[in-house]
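First comes the structure, then the notes that go with it.
The values are calculated or read from the model by the stated rules, or taken from the named source; none is laboratory data. Keep in mind that what you see is a predicted model, and the values were worked out from it rather than measured. Cβ: placed from backbone, ideal geometry, glycine included. Neighbour counts: every protein chain shown. When the accessible area is computed, the model is the full protein with side chains, heavy atoms only, and any ligands, DNA or RNA have been set aside. Shrake-Rupley method; radii C 1.70, N 1.55, O 1.52, S 1.80 Å.
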Protein chains: 2
Amino acid sequence: MKELTARQKEILNFIHEYLHDNSYPPTVRETARAFSISVKGAYDHLKALERKGYIKTSEKRSRAIELVTPPESDMPVVQIPLLGEIAAGRPIFADENFERTVAIPADIITNRVPHFALHVKGDSMIGAGILSGDIAIIEQSETAKNGDIVVALLEETVTLKRFFIENNRYRLQAENPHYAPIYTQDLRILGKLRGIYRSY
Amino acid sequence: MKELTARQKEILNFIHEYLHDNSYPPTVRETARAFSISVKGAYDHLKALERKGYIKTSEKRSRAIELVTPPESDMPVVQIPLLGEIAAGRPIFADENFERTVAIPADIITNRVPHFALHVKGDSMIGAGILSGDIAIIEQSETAKNGDIVVALLEETVTLKRFFIENNRYRLQAENPHYAPIYTQDLRILGKLRGIYRSY
DNA sequence: CTGTATACTATACACGCGCATAGGAGCCCG
DNA sequence: CGGGCTCCTATGCGCGTGTATAGTATACAG
């Protein structure tokens, strides 16, 4: 990939920022305006970026700028499904649960057990530093040890809680004093918490 | 989020597919053509999707469709350096600081601004759900806005704190009632917190 | 010195574009 | 039965848009 000039780097940077802010690419004129240059000036820069392989454009289409993501790196990465609402009585990996996939560093998945991800809702685990909106990476498992944080299916709901086995019942413990522990004899463990990811 | 009709789901699906293929959103007319309906027909569908909260549009701009929950099925990953002890008065990226690299989802790195990662030490930010041992992903930056969580260099130490500008001093605020805010006029911001990653 | 690249200005064309108005047909709910 | 939603057609306005032509200035390599 050919070297970019300082100006061209600025333009490419602008496209990145614009895409981050708007999630669609800028027009030629918006690019021109951002740098207070003429339309053709910006147009030529875009063509230069395309010639050097940093972007792709489509003829005669507005905002038709595609970033050619440089191969960057081929890290060991695993794609795991991010599940939305999990309904009781249905397989976890049913299509209806599927929201999208997330990439996670492969090194946290030690064994070959399937993993999935969940959006955390609510503040019941703030004591463990898990906030609403965090993405929880879960190792699928039917069992857990005392004190593990697990995803458990409880009648109609799915919760993330700390898990304990007591005499003849299970205890699901929130990490928030405002939530009382849940005692039950009937629960299904869906998996164990392996990681937390949060984006600011 | 309100329920979509079957037709509206088709339209939303088309936008997803189009974005996956082109990495920029379709125009109203392209949407109309894809379903062999009139322009206004497609336009009304888009407005319905916006009304129900599934997309966002900007007035009078071509292709200005933003997905409210983006699909992004193949999230690329980049490698950033994980820094250990940062010494005052030395460049951040000096070899002696380098611990290893970590892979993080590339979509949190918007522009070409360098990022790095740090091991969080101590419990001063537990109120923000940041625990000792977490990996903090930092966007390198010399400046920050009020309320940002920043990595700041303070005489001999590096800390992660919430940052505020006051009359003629800076305030570094922990998210833990046991820690008093730090007031100073002399500080250097190393970067802004962009993500948190924790492994169990 | 000449050719090629960058980095612009200014003006223009034709078509794509978002959006509006004015309809019509089918549906379900109170 | 009427009112409101969905889903559609057809036509049009006017501006935004990609793209072209022509020209200027500067830098650098052969």
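Tabulated data
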{"item": "Dimensionless Rg/Rh of segment B:6-67 - Kirkwood Rh, Rg from C-alpha atoms", "result": "0.91"}
{"item": "For B:R29, label point 7 Å along C-beta direction: distances to other copies, nm", "result": "1.6"}
{"item": "Neighbourhood net charge (11 Å Cβ-Cβ; Lys/Arg +1, Asp/Glu -1) for B:A32", "result": "+1"}
{"item": "Under 28 Å from the Cα of B:K121 - lysines, other chains or at least 8 residues apart", "result": "A:K121, A:K145, A:K161, A:K192, B:K145, B:K161, B:K192"}
{"item": "Placed amide H near B:R63: partners under 5 Å, 5+ positions off or other chain", "result": "B:V28"}
{"item": "Teacher prompt: A:D123 distances to equivalent labels in other copies, 7 Å Cα→Cβ, nm", "result": "1.9"}
{"item": "1.4 Å probe accessible area per residue over segment A:6-67, in Å²", "result": "53"}
{"item": "Other-copy label distances relative to B:S58, 7 angstrom Cα-Cβ extension, nm", "result": "1.9"}
{"item": "Cut-off 11 Å between beta-carbons: net charge of the residues surrounding A:N22, Lys and Arg +1, Asp and Glu -1", "result": "0"}
